[in-house]
Amino acid sequence: LRDDALVDIPVFEARSLAVQLPAPGNLRVRLARSARNWTFESPIQTRADKNAVELTLNRIRELRVASFRDIPDARATGLDNPALRLTVEGNQRRVILLLGAPVSTEPPPGASFAETELFAKLEDRAAVFTVKVEDALLDNLRNAQSELRDRRLLDFEPTRLTAISLRSPGQPEVALQRLETGAWQVHAREGDAVPLPQAADASIVARLVTQLGQLRAETFHSDAPFPADLEQWGFNRPEREVTLTLSPESGVNVPTAAAPTLTLQLGVTGSEQGKPFTYARLAGAQFVYRVPADILTELPVVARHYRERTLRALPPGARITGLKLTRLADSTTVFARDLAAGQTW
């Protein structure tokens, strides 16, 4: 008749998740729910992957007691120095689950997926029991600082984008600007001379925005780089520098001069096991990531690359009724044809 449920706090109610590893490291990772997302509060302060965090919370909530045990020697359970200490906080309540040593080093018979049976207990109760935990969940919890971290470098809403500028050493800055109509225009800035803007290709700009929004870190290279490291990785003269200008959030009154911006910097390119990568970071942030090197080819600093390809768009309902081709060298007519009424091409 004993209840086999352990963490009864539903995901939508959870306000924080803390994972503490054993001594001597005693690393403690704590995440908290913010207005829109989940964020790390320790050991670093950065964005968390909302989906990964809530999936982990859901898998913790699904844990059930496998068996209750009467252990004469508490040291055999490993709960005096637990392998993992999980704390889930909800609305004015919290659950602390301690996971100790494996019950056996042998794989569980008949398991359809990799799992480990561990001794466990709730901190505020004396009962010792065992619980079967998927190895994938254990890995996520032991490496929560990286596994639950948001790998997206740029967190922005595409609908709030008002301008994009691209810079590269030795090349004129390319500026893309969104008009009130929703169309984009492009021009190159070189010194004080600013040529007239030209219409930008909507599909090319859309691809650029998509590539920036989907740019994800392959690895979290360094969370506390030294100035010499930043110079070595190319951030004193980045290969690309992309600045996104955003409109203020709805309901926030911000002067135009103070419009929020995000600046992505891409440093030198390296290779590991034959796979090229590029160092990346956000200006003003300390974290350095490794991203796929092909992002550089998606960000050409050439104004003509973004120009509208369509020479002229016919108005809606227009129909071509005549065609004439003229050779400019001698002004001779190569072909001429006018459709009669009701005739088609």
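Observations on the model:
- Proximal charge balance of L246 [Cβ under 10 Å; K/R count +1, D/E count -1]: -1
- A dipole drawn for the chain from +1 and -1 charges on Cβ atoms has a positive end, and of A202, V291, Q20 the residue lying farthest that way is A202.
- When a 1.4 Å probe is rolled over the protein heavy atoms, the share of accessible surface on the chain that falls to carbon and sulfur comes to 50 percent.
- Highest mean first, the peptides 95-101, 292-298 sorted by other C-beta atoms within 10 Å per residue fall in the order 95-101, 292-298.
- Computed label-point distance, nm, for sites D70 and L179 using a 7 Å Cα→Cβ extension: 8.3
- Once the 1.4 Å probe is applied to the protein heavy atoms, the stretch 265-345 comes out at 70 Å² accessible per residue.
- Cβ-placed point charges (K, R +1; D, E -1), dipole of the stretch 1-121 about Cα centre in debye, nearest 20: 560
- Just checking the listed ones, P169, P24, P43: in the Gaussian network model of the chain with Cα springs under 10 Å, the one fluctuating most is P24.
- When you restrict to C-alpha pairs under 8 Å that are six or more residues apart and normalise by the size of the chain, the relative contact order lands at 12 percent.
- Once backbone amide H atoms are built at 1.01 Å from N, R69 has V128, F129, T130 as its partners under 5 Å, excluding neighbours fewer than 5 places away on the same chain.
- As a calculated quantity, the FRET efficiency between E190 and L325 at R0 = 45 Å, using C-beta atoms, amounts to about 0.75.
- Karplus (6.51, -1.76, 1.60) ³J(HN,Hα), θ = phi - 60°, over the stretch 297-311, in Hz, Gly and Pro reported as x: 6, 7, 10, x, 9, 9, 4, 5, 4, 9, 6, 4, 7, 6, 5
- Cα long-axis angle, helix 50-61 against the chain (0 to 90 degrees, to the nearest 10): 20
- Hz values of 3J(HN,Hα) by residue in the stretch 231-247 - Karplus curve (6.51, -1.76, 1.60), Gly and Pro given as x: 5, 5, 8, x, 8, 6, 8, x, 5, 9, 9, 10, 10, 9, 9, 10, 6
- Per the Debye formula on identical point scatterers at the alpha carbon atoms of the chain, with no solvent, log10 I(q)/I(0) at q = 0.06, 0.11 Å⁻¹ is -0.39, -0.89.
- The stretch 1-109, accessible area per residue, ligands and nucleic acids excluded (1.4 Å, Å²): 58
- Legend: calculated FRET efficiency, T310 to S271, from the Cβ-Cβ distance at R0 = 41 Å, rounded to 0.05, equals 0.55.
- Rounded to the nearest 20 debye, the dipole size of the chain about its Cα centre is 960 debye, using +1 on the Cβ of Lys and Arg and -1 on the Cβ of Asp and Glu.
- With a simple spin-label model that places each label point 7 Å from the Cα along the Cα-to-Cβ direction, the separation between A224 and F335 comes to 7.1 nm.
- Cα-based shape type of the stretch 278-329, given that a ≥ b ≥ c are square roots of the gyration tensor eigenvalues and the cut on a/c is 1.5: prolate
- The label point for A35 and the one for Q286, both projected 7 Å from the Cα toward the Cβ, are 2.6 nm apart.
- For W38, nonlocal amide neighbours, meaning residues 5 or more places apart or on other chains whose placed amide H falls under 5 Å from its own, are A48, K50.
The values are calculated or read from the model by the stated rules, or taken from the named source; none is laboratory data. In this text the structure is predicted, and so the values were computed from the model without any measurement. In this analysis, Cβ positions are derived from the backbone assuming ideal geometry, glycine residues included, and neighbour counts consider all displayed protein chains. Surface areas here come from the heavy atoms of the whole protein model, side chains and all, with no ligands, DNA or RNA. Shrake-Rupley method; radii C 1.70, N 1.55, O 1.52, S 1.80 Å.
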